[in-house]
Amino acid sequence: MQIAIDGPAGSGKSTVCKMLANRYGLTYLDTGAMYRAATWFSLKFTDEDLPRRLEAVDFIFSENGRRLALSKDGETWDVTAAIRTPAISGAVSRVAANPRVRAVLTEKQRKYAEGNDVIMEGRDITTVVLPGADIKVFLTATAEERAKRRFAEWEGKPEAPSYEEVLESIKRRDEADSSRPCSPLKRADDAALLDTTGLTLEQVAEHIGRMIEAERGGN
């Protein structure tokens, strides 16, 4: 079974997918983390051809998607915490807009899904990466709701941005993701739309869980 979840930043994709992966024994892949890791890599190796280098990088997920390491030429970097900083959040749209980067990561994501019962989330999963997925959902929420969630994640951490800064970053990210020429963020025609504003993430997981149970029951 392939489950594809798309949506803008802060819509609850990652948390909900982790919950569903545990509940239904699915393999979870956070493709947004891969683009964040590619951004981290681009800042570490600024003088190189990023897409070419990424072809030779192994993206190693562990703890069912909760941790991510990069490995290349015998070196391994655990980037789980490093990719969740405001600096990476501010730079990831630029890297994600690179068509060659997207081509490399899309191929890696499709290979990851082969032969697995997978739940995969990102911004082009329902439209580009897994257009034939068994279940396709587009999660959304107001920019203000999503900013509150991101602010809560960063609150108390060193160099944490203000709520106003998070909200502005969310709005810029939305514009960049939805207007890029290559694989823009958009809802697939056959993807269920679920507005998570005012819902707990447990309620969102229960809603998608019923879709999973219905799909499994029909096969």
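None of the figures in this text is laboratory data; all of them are computed from the coordinates on show. Keep in mind it's a predicted model, so treat the numbers as computed, not measured. With ideal geometry, Cβ positions are generated from the backbone for all residues, glycine too; neighbour counts draw on all protein chains shown.
Multiply the residue gap between residue 76 and residue 134 by 0.36 nm, knock off their C-alpha separation, and tell me the result in nm, one decimal place. Walk me through the numbers before you get to the answer.
Working: separation 58, 0.36 × 58 = 20.88 nm, distance 3.44 nm.
Length gained, residue 76 through residue 134: 17.4 nm.
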>> Cβ neighbours within 10 Å, averaged per peptide: list 170-182, 121-133 in order, most packed at the top.
In response: 121-133, 170-182
>> To check you understand DSSP bridge types, tell me what percent of the beta bridges within the chain (both residues inside) are antiparallel, rounded to 5.
In response: 35 percent
> Using helices alone, what [θ] at 222 nm do you get for the chain, with -39,500 (n - 2.57) per DSSP H run of 4 or more residues, divided over all residues and rounded to the nearest 500?
Replying inline: -15000 deg cm²/dmol
> For the cross-link pairs 44/186; 44/111; 157/186; 13/44; 13/148; 13/171, which exceed 20 Å when the distance is taken from alpha carbon to alpha carbon?
Replying inline: 44/186; 44/111; 157/186; 13/44
> Does the stretch 2-211 classify as rounded, prolate or oblate by the C-alpha gyration tensor (a ≥ b ≥ c root eigenvalues; a/c under 1.5 gives rounded; else a/b over b/c gives prolate, otherwise oblate)?
Replying inline: rounded
>> Positive end of the dipole of the stretch 2-211, charges at C-beta (+1 Lys, Arg; -1 Asp, Glu), about the Cα centre: which of 40, 151, 194 has its Cα farthest in that direction?
In response: 40
>> Sort 155-163, 89-97 by the packing proxy (mean of other Cβ within 10 Å over each peptide's residues), most packed first.
In response: 89-97, 155-163
> Calculated FRET efficiency, residue 52 and residue 203, Cβ-Cβ r, R0 41 Å, to nearest 0.05?
Replying inline: 0.40
